[in-house]
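Asker: Quick one: this structure, given as structure tokens, is what I'll be asking you about.
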Amino acid sequence: METDRLIQALAADGARRDRPVGQVLAAALLVALPVSAALLLTTLGLRPDLHQAMRNPFFDLKFVVTLALSLSAIIVALHLSRPEATAKGWRLLLLAPLAILGLAIGVEAMLPHRTSAMTRLLGHNSLLCLGSIPALSLPILGAALVGLRRGAPSRPALAGALAGMLSAGLAGTLYAAHCVDDSPLFVATWYTLATAMVAGLGAVLGPRVLRY
């Protein structure tokens, strides 16, 4: 009887250890996202003209870009969580948000505007964007690293950078609900810079947290 109980305990313990990386990552992100959302609502809040802004396709585009970034980064990060995996070919997925932004910038350039391209690029809250997205990313980045640690990435710095990119993408999705700058030029400049900051932090943390 004692032997049977020992076998059952070991089997249960093995089942807990063998939970897929994607499952652990999803659970960790589901815990962290409400934390970042609460941080946004208690500090910045939503933009006051949110209902009106939703009729602007460039406002909606911000969510498309940030979600495309986070989704592509999640896919590549999960692929690289296996020790035998390589980044060859998979990194092309990360070009998806850039392609969307490039197309949107081209469309915007063909429209008549009351303001110059430089004014649209600088926007109203560039520095706020540059600080807010990294700040909102921190809980998500911690969760992403916890999730990816369940795997065994052979390139932990790259995996950490991808964790930063997916975190910045999700944080950017939250921040977009506050951001009053809807121009694709603004998004391509300041959201990208903020993403690079978080990706850099993830690349630094990756070898320390994800090394096996």
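Asker: Just the projected area, averaged over all directions, of the convex hull on the alpha carbon atoms of the chain: how many nm²?
Answerer: About 14.4 nm², averaged over all directions.
Asker: Just by accessible area at a 1.4 angstrom probe, what is the order of Asp182, Asp60 from largest to smallest?
Answerer: Final ranking, largest accessible area leading: Asp60, Asp182.
Asker: Could you work out the relative contact order of the chain? I mean the mean sequence separation of Cα pairs under 8 Å and 6+ apart, divided by the number of residues, in percent.
Answerer: The value is 32 percent.
Asker: Hey, another quick one. Return the carbon/sulfur percentage of the accessible area of the chain, one whole number, probe 1.4 Å, all protein chains in place.
Answerer: 69 percent
Asker: Ranked by accessible surface with a 1.4 Å probe, highest first, in what order do Arg211, Arg91 come?
Answerer: Of Arg211, Arg91, the descending order of accessible area is Arg211, Arg91.
Asker: Tell me, what ³J(HN,Hα) does each residue in region 35-41 have, in order and in whole Hz, if you take phi through Karplus 6.51 cos²θ - 1.76 cosθ + 1.60 with θ = phi - 60° and put x for Gly and Pro?
Answerer: 5, 5, 5, 5, 4, 4, 5
Asker: Right, another one. How big is the accessible area of Glu108 in square angstrom, nearest 10, if you roll a 1.4 angstrom probe over the protein chains?
Answerer: Glu108 exposes around 10 Å² with every protein chain in place.
Asker: For the chain, what does -39500 (n - 2.57) per DSSP helix run (n ≥ 4), summed and divided by total residues, give at 222 nm, in deg cm²/dmol to the nearest 500?
Answerer: For the chain, the value works out to -23500 deg cm²/dmol.
Asker: Also: Skip the ligands, DNA and RNA, and give the accessible area per residue of region 98-212 with a 1.4 Å probe, whole Å².
Answerer: 44 Å²
Asker: Can you give the percent of C-alpha pairs in region 18-115 whose distance is more than 17 Å?
Answerer: Beyond 17 Å sits 68 percent of the P(r) for region 18-115.
Asker: Then there's this: Using alpha-carbon positions, what is the distance between the centroids of region 176-212 and region 55-134, in Å?
Answerer: With region 176-212 and region 55-134 each reduced to a Cα centre, they are spaced 10 Å.
Asker: Once the whole set of protein chains is in place, how much accessible area is left on His124, using a 1.4 Å probe, in Å² to the nearest 10?
Answerer: Its accessible surface works out to 150 Å², give or take rounding.
The values are calculated or read from the model by the stated rules, or taken from the named source; none is laboratory data. The shown structure was predicted, so the numbers you read here are calculated from the model rather than taken from an experiment. Remember, those area values only see protein heavy atoms, side chains included, never the ligands or the DNA or RNA. Shrake-Rupley method; radii C 1.70, N 1.55, O 1.52, S 1.80 Å.
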